[in-house]
1. Under the condition of being of a type in the set (A, V, I, L, M) and under 26 Å from the mean Cα position of the chain (by Cα), which residue from the range 1-30 is modelled with the lowest pLDDT?
2. If we keep just the residues of the range 87-97 that are modelled with pLDDT of 75 or more and surrounded by 10 or more Cβ atoms within 10 Å (Cβ to Cβ), which is nearest to P9 (Cα to Cα)?
3. Can you work out which of the residues in the range 31-83 that are surrounded by 10 or more Cβ atoms within 10 Å (Cβ to Cβ) and among the acidic types (D, E) is modelled with the highest pLDDT?
4. Tell me, please, whether a residue that is within 17 Å of P4 (Cβ to Cβ), in contact (Cβ under 8 Å) with a residue 24 or more places away in the chain and of a type in the set (F, W, Y) can be found in the range 32-54.
5. List the residue pairs whose Cβ atoms are under 8 Å apart, where the first residue sits in the range 66-90 and is in contact (Cβ under 8 Å) with a residue 12 or more places away in the chain, the second is among the β-branched types (V, I, T), and the two are 6 or more positions apart or on different chains.
Amino acid sequence: MQQPIPSSPSQPFNIHDISLRGKHEENWGQLLGPMINQWNNQTDFRVDAYPRQEGLLSFNSDYMVWYRRKTKMFVDPKDANMATLVFFIFSVIFNFK
């Protein structure tokens, strides 16, 4: 599978702030309709719509550069320090970004 850089999630910024308390007259079907509709059509948002990846994904591909920026690779700071040192050495030797 060829994986593109994902776009931002499509959910309203205030969805987690909605409280149902004391809002007995609220039309929840109308308020939450767009999200319910997206959930009902979730197959339209499948990842398998992209072509298969042929060969290895390049270390400097747009996706891998984005992935390294967005991913927390280590929980333990000692491992992170060693990996950063190794990555720096490799980036100097092989001109990685």
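The values are calculated or read from the model by the stated rules, or taken from the named source; none is laboratory data. As the structure is a computational prediction, the values presented were derived from the model and not from experiment. So basically every Cβ, Gly included, is an ideal-geometry build from the backbone, and we count neighbours across all protein chains shown.
1. Let us first name the residues in the range 1-30 that are of a type in the set (A, V, I, L, M), namely 1, 5, 15, 18, 20.
Add one more test, that the residue is under 26 Å from the mean Cα position of the chain (by Cα), and what stays is 1, 5, 15, 18.
Values: M1: 55, I5: 77, I15: 75, I18: 78.
The qualifying residue modelled with the lowest pLDDT is M1.
2. Residue satisfying both the conditions and the ranking: F87.
3. It comes out as D62.
4. Looking for residues that are within 17 Å of P4 (Cβ to Cβ), in contact (Cβ under 8 Å) with a residue 24 or more places away in the chain and of a type in the set (F, W, Y), one finds at least one in the range 32-54, hence yes.
5. Listed pairs, sorted by first residue: W66/I5.
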